[in-house]
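S.K.: The structure follows.
The values are calculated or read from the model by the stated rules, or taken from the named source; none is laboratory data. Treat the numbers as computed from the prediction; the structure is a model and nothing was measured. Neighbour counts are summed over all protein chains in view; Cβ atoms, including those assigned to glycine, are modelled from backbone coordinates with ideal geometry. For the accessible areas, the whole protein counts, side chains as well, though only heavy atoms, and no ligand, DNA or RNA atoms are used. Shrake-Rupley method; radii C 1.70, N 1.55, O 1.52, S 1.80 Å.
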Amino acid sequence: MEITQQAQLAEEMCAEAFKAFEATARHNGEKVLQSFIDNRVCEHHLKGSNGYGYGDDGRDTLDRVYAQVLGAEAALVRHNFINGTHAITVALFGVLRTGDKLLSVTGKPYDTLCGVINGDSRGGGSLREYGIDYAQVDLLPDSKPDFAAIQRECTDCKAVFVQRSRGYSARKALTVAQIGEIVTAVRQINPAAVIIVDNCYGEFCETLEPTSVGVDLIVGSLIKNPGGGIAETGGYIAGKSDLVEQCACRLTAPGIGSEAGCSLNQNRAMYLGLFYAPEIVANALKTSAFASALFTLMGYTCSPGHDEYRSDLIAAISLNNADGVCAFCEGIQAGSPIDSFITPQPWAMPGYDNDVIMAAGTFTAGASIELSADAPIRDPYTVYLQGGLTFPSGRLGVMSAAKKLLKIDRKDTAF
Ligand SMILES: *Cc1c(COP(=O)(O)O)cnc(C)c1O
């Protein structure tokens with residue numbers, strides 16, 4: 001069958017999932033609009049500040065808008081966070097002190113965080129170098145939290161770390177409800193533990209964020225979901241006010257915290273991006289479900305399946321070998337609005353153990369709320385697809401990847 005016919009079929013398979021994404025976007029869009037109204041966002045908030053940035057009303061109001069949307073007491077939304085890893089690093093160093101223990105309850109954290117936690121290069125300044133202990137409870141083989149082990153291990157920890165999204169791994173994303181169960185299990189044993197969620201790729205996939213189910217801090221990147229494809233850089237930390245301020249003191253300086261730091265000309269993009277974000281996330285979720293349907297039809301294993309519940313943007317597609325991974329990424333790049341003529345190559349990206357190939361023909365460099373694919377060149381040769389600012393363009397990009405893959409992999413005689 002022709003790819004165009006297969007794509008038509010794949011889209012039909014997703015009809016119910018698409019309706020659910022649209023309903024979530026409507027709910028979250030209403031929440032965002034209400035927060036703009038309640039916090040009296042006005043024209044001058046969209047203008048930035050320079051120098052010390054004292055009294056930057058646009059910045060402070062954006063913090064309040066985010067806090068309300070995320071169901072948090074406070075938020076720190078700053079373009080100065082260089083990426084998600086940096087924002088999470090600031091949260092960890094903001095909360096933890098020498099002698100404390102950090103417990104990850106979702107197994108090995110995202111690649112770039114392993115160096116932050118455990119890096120042994122002397123002088124790098126990892127948590128370990130500062131005398132902060134680390135322990136880990138793996139997820140069960142079905143990707144569910146291991147509540148018995150969590151309750152055994154969390155007795156003496158200062159902070160509990162939860163990764164919502166699957167990241168570059170075979171596990172599935174946790175739902176906000178599952179994160180709520182983790183909170184309950186930890187609180188029974190260690191009510192004082194600070195529960196921190198790496199919320200990257202999760203924002204607006206559901207109608208609640210982890211801060212609404214008792215989590216103390218959530219952290220994410222603005223060139224993923226909440227930036228709506230408009231924010232040019234940045235990240236956020238949201239949660240309990242005292243903890244958010246501790247993090248602000250780590251980002252800037254003790255005694256200064258969130259009260260300084262100019263917003264340059266970034267406020268308008270951050271407000272506008274948040275305003276768009278629920279709808280953009282729905283488009284990315286549609287692209288993700290569509291890709292799972294299409295590549296399942298083509299005989300590849302996809303996770304989650306097209307009709308499985310999604311609480312992050314990522315579709316993991318297993319492609320059998322390195323050639324398949326490269327062809328897929330070439331196809332995504334070739335079907336992108338920017339740099340479509342470039343051939344992505346695997347490279348030794350900072351913070352990752354294996355060579356990584358990335359396709360990102362994006363308006364904002366590396367923004368993975370835009371259609372993009374990443375794959376570490378390692379067994380089982382799984383490519384991680386995410387993003388798509390509009391479903392029609394995401395659909396075309398995914399079809400471009402399917403076409404490239406067919407050229408090198410003719411094992412499936414149906415094509
Ligand atoms: C993207 C991501 C991060 C942070 O990555 P950056 O590239 O530094 O923004 C952390 N955790 C997860 C699960 C992610 O998806």
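S.K.: Can you tell me which residues in the stretch 85-100 are out of contact with any helix residue (DSSP H, G or I) (no Cβ under 6 Å at 6 or more places or on another chain), open to solvent by less than 10 Å² (accessible area, probe 1.4 Å) and not β-branched (V, I, T)?
M.R.: Answer for the stretch 85-100, where residues must be out of contact with any helix residue (DSSP H, G or I) (no Cβ under 6 Å at 6 or more places or on another chain), open to solvent by less than 10 Å² (accessible area, probe 1.4 Å) and not β-branched (V, I, T): A87, L92, L96.
S.K.: Within the stretch 1-16, which residues are touching a Phe, Trp or Tyr at 6+ places or on another chain (Cβ under 6 Å) and more than 10 Å from R395 (Cβ to Cβ)?
M.R.: C14
S.K.: Would you check which residues across the stretch 206-245 are open to solvent by 10 Å² or more (accessible area, probe 1.4 Å) and within 22 Å of D374 (Cβ to Cβ) and list them?
M.R.: Scanning the stretch 206-245 gives I223, K224, G229, I230, E232, T233.
S.K.: If I ask for residues that are within 16 Å of the ligand (Cβ to nearest atom) and open to solvent by 10 Å² or more (accessible area, probe 1.4 Å), which ones from the stretch 377-403 would you list?
M.R.: Hits for the stretch 377-403 are T382, Y384.
S.K.: Still on this model: Among the residues of the stretch 110-143, write down those that are more than 16 Å from the ligand (Cβ to nearest atom), free of Cβ contacts under 8 Å to residues at least 12 places away in the same chain and hydroxyl-bearing (S, T, Y).
M.R.: S121
The rows are residues; the columns are (1) within 16 Å of the ligand (Cβ to nearest atom); (2) open to solvent by less than 20 Å² (accessible area, probe 1.4 Å); (3) at pLDDT below 95.
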| site | (1), (2), (3) |
| --- | --- |
| E16 | no, no, no |
| K31 | no, no, no |
| V41 | no, no, no |
| H45 | no, yes, no |
| D60 | no, no, no |
| L70 | no, yes, no |
| L102 | yes, yes, no |
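S.K.: Looking at the stretch 253-303 only, could you name the residues that are in contact with a strand residue (DSSP E or B) (Cβ under 7 Å, 6 or more places away or on another chain) and not in a helix (DSSP H, G or I)?
M.R.: As a first pass, look at the stretch 253-303 and keep what is in contact with a strand residue (DSSP E or B) (Cβ under 7 Å, 6 or more places away or on another chain): 258, 261, 270, 284, 288, 291-292, 295-296, 300-303.
Those that are in contact with a strand residue (DSSP E or B) (Cβ under 7 Å, 6 or more places away or on another chain) and not in a helix (DSSP H, G or I): G261, Y300, T301, C302, S303.
S.K.: Moving on. Could you run through the stretch 189-231 and say how many residues are over 13 Å from R164 (Cβ atoms), within 16 Å of the ligand (Cβ to nearest atom) and either hydrophobic (A, V, I, L, M, F, W, C) or in a loop (DSSP other than H, G, I, E, B) (or both)?
M.R.: The total comes to 5.
S.K.: Being within 14 Å of the ligand (Cβ to nearest atom) and either part of a loop (DSSP other than H, G, I, E, B) or free of Cβ contacts under 8 Å to residues at least 60 places away in the same chain (or both) is the filter here; which residues of the stretch 233-244 pass it?
M.R.: Of everything in the stretch 233-244, those that are within 14 Å of the ligand (Cβ to nearest atom) and either part of a loop (DSSP other than H, G, I, E, B) or free of Cβ contacts under 8 Å to residues at least 60 places away in the same chain (or both) turn out to be T233, G234.
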